[in-house]
Amino acid sequence: MRFVSLSDVAARVTDEISNDVSHLDLKAALEQGDSTSKRWAEQIDRAMEQTGPGQQGTTRSSKRITR
């Protein structure tokens, strides 16, 4: 069983789309959105580290995906 966060999945999808995009404005918008998402993911990770084990509960930012 493997756990994958939704932010990881979103980052991979954004990278794939960005590699296929040729319009410069769209590419810039995707890169800005990706940067914002990464900052939010880092803030969430820090907050979860600060709460300690057993106090995190469930979040909407991650789901269990099995492969």
For this session: Looking only at segment 47-60, decide whether some residue is part of a loop (DSSP other than H, G, I, E, B), closer than 15 Å to V4 by Cβ, at pLDDT below 80 and in contact with a helix residue (DSSP H, G or I) (Cβ under 9 Å, 6 or more places away or on another chain).
Result: yes
Exercise. Does segment 34-46 include one or more residues that are loosely packed, with under 13 Cβ neighbours inside 10 Å, of a type in the set (S, T, Y), outside any loop (DSSP other than H, G, I, E, B) and modelled with pLDDT of 75 or more?
Worked result: yes
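The values are calculated or read from the model by the stated rules, or taken from the named source; none is laboratory data. Predicted, not measured: the structure shown is a model, and the values here were computed from it. Using ideal geometry, Cβ is built from the backbone for each residue, glycine included, and neighbour counts are taken over all protein chains shown.
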